[in-house]
Amino acid sequence: MSEERLRIRKVSREKARKRPRDESKLGFGQFFSDHMFLLDYSTEKGWHRPRIEPYHTFSLSPAAMVLHYGQEVFEGLKAYRGENGAIYLFRARDNLARFNRSSKRLCVPEIGVDRVYDGLKKLIALDQKWVPRSPGTSLYIRPTVIATDPFLGVRASSTYLFYIITGPVGAYYPEGFNPVSIYVTDKYVRAVRGGIGEAKTSGNYAASLMGQVEAKSLGYTQVLWLDGIERKWIEEVGTMNIFFLVDDEVITPPLTGSILPGITRDSVLRICRTWGMKVSEKPISIDELIAGIQAGRVKEVFGTGTAAVISPVGIIHSKGKNHQVADGKTGKLSQKLFDYLTGIQVGRVKDPFGWMDRVI
Ligand SMILES: Cc1ncc(COP(=O)(O)O)c(C=O)c1O
């Protein structure tokens, strides 16, 4: 990336966006802050023209390659309002590193992590009043890159637009922790080894829609995804990684190419190891899981992800039957992990890992 200076064009008072006052009604992904960070890419100039501008719509050729061939990568991370009023980012560099790994898989040129991180911090500082203050709320951050060559034909684009938008999001559990019911689909798969499942790119989410619709229509919250080859090995739950507490062992499926390497997944693994727990990244089949539930050996099942942090699973539906995990309530480990991680994120709990970085 060239060493051009970051240009900042602030929104005028008249054009400023309306900020939602009632933080209990924020929901997710509905509100966007005043400014956005942008970068252009061309083969000749590389990444150039770093800038912060008022949030605006794009004008794009209808032939833009992203619209036809899905050459796109994105990230999802959060900034938190600490209990002291300061604003912190959680493992943001790890998200940008994953962004570059996804980009590599999609043949998109990598961004300079330091430059973009610096731009992100300036963007958040400029829009600091958009970082909500109520417990459980945060500022969601969405870095994205799209292929912009106006060209019909399958190849990698030679021009790209990178941007970061942000917006306040509500508490995931406004009424407290609620275990979800999940549905094992034997009809659809999200990803296959050798495909793009380990990249955070739009195609994976498009592939997941039918399964999600099916699960919802049957009254389940999320889909439990099995591997695409044998339809046997558990991979992910909805848009989260999945964990099991079997006897006294914490188990999550290994990263073999079709699973998104979650930042929360990695945080939970590291926390459990520092707590001295037995932790394994190993394959677990749906049959093993159901047998373990029936034998009373599966104590807890939970999903992990930036949006919910920890999402306890109460019921798993497989092959026409509902299976209740233990007593169907939130387990002790799920609750302890949730309290600890969210405690670190708002500065209530000491951060021994160096995950938090103060923005302002
Ligand atoms: C498919 C998928 N799996 C897992 C995750 C969890 O990843 P993270 O913990 O980095 O949010 C996400 C969310 O980003 C996801 O979209």
Open item on the list: Using the Cα centre of the range 231-360 as the reference point, and only Cβ charges (+1 on K/R, -1 on D/E), how large is the resulting charge dipole? Debye, rounded to the nearest 20.
Closed with: 120
TODO: Take the alpha carbon atoms of the range 99-162, find their center, do the same for the range 165-184, and report the distance between the two centers in whole angstrom.
DONE: 23
TODO: Arrange the following residues from fewest to most other Cβ atoms within 10 Å of their Cβ: 309, 169, 113.
DONE: 113, 169, 309
Open item on the list: Quick check: Cα centre of the range 235-258 to Cα centre of the range 34-96, how many Å?
Closed with: 29
Task: Options 259, 31, 192, ranked by Cα towards positive dipole end of the chain, top entry (Cβ charges) - done: 31
Task: Electrostatic dipole magnitude of the chain [Cβ: Lys, Arg +1; Asp, Glu -1; Cα centre; debye, to 20] - done: 920
Task: Counting DSSP beta bridges with both ends in the range 150-254, the antiparallel % (nearest 5) - done: 75
Task: Signed unit charges on C-beta, dipole axis of the chain, positive-most listed residue 86, 245, 145 - done: 86
Open item on the list: For the range 74-142, take N as its residue count and report Rg(C-alpha) divided by 2.2 N^0.38 Å.
Closed with: 1.21
- [ ] Taking only Cα atoms and a 10 Å spring cutoff, compute GNM fluctuations for the chain and point out the largest among 322, 204, 95.
- [x] 322
TODO: With a/c under 1.5 counting as rounded, go ahead and sort the range 120-276 into rounded, prolate or oblate using the C-alpha gyration tensor (a ≥ b ≥ c being the square roots of the eigenvalues; past the cut-off, prolate if a/b is larger than b/c, else oblate).
DONE: oblate
Open item on the list: Could you order the peptides 206-213, 134-141 from most to least packed, using the average number of other C-beta atoms within 10 Å per residue?
Closed with: 134-141, 206-213
Task: Dipole magnitude of the range 123-246 about its Cα centre (Cβ charges: Lys, Arg +1; Asp, Glu -1), debye to nearest 20 - done: 160
- [ ] Provide the FRET efficiency to the nearest 0.05 for the residue 353-residue 107 pair, computing r from the beta carbons and using R0 = 35 Å.
- [x] 0.60
TODO: Calculate how many DSSP beta bridges within the chain are antiparallel, expressed in % of all such bridges and rounded to the nearest 5.
DONE: 80
TODO: Pop out the Kirkwood hydrodynamic radius of the chain from its pairwise C-alpha distances, inverse of mean 1/r, in Å to one decimal.
DONE: 21.6
Open item on the list: Placing +1 on the Cβ of each Lys and Arg and -1 on the Cβ of each Asp and Glu in the range 106-179, which of 163, 111, 135 has its Cα farthest towards the positive end of the resulting dipole?
Closed with: 135
Open item on the list: Out of the chymotrypsin sites (Phe, Trp or Tyr not before Pro) in the range 299-360, which ones are loop residues according to DSSP with at most 15 other C-beta atoms within 10 Å?
Closed with: 353
Task: For the range 258-271, Karplus couplings with θ = phi - 60° (6.51, -1.76, 1.60), whole Hz, Gly/Pro x - done: 9, 10, 6, x, x, 6, 5, 3, 5, 5, 5, 4, 5, 5
- [ ] Within the set of other residues whose C-beta is less than 11 Å from the C-beta of residue 299, count the net charge using Lys and Arg as +1 and Asp and Glu as -1.
- [x] -3
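Read-outs: derived from the displayed coordinates by stated rules, not from any lab. Values in this document were obtained by computation on a predicted structure and should not be read as measured data. Cβ: placed from backbone, ideal geometry, glycine included. Neighbour counts: every protein chain shown.
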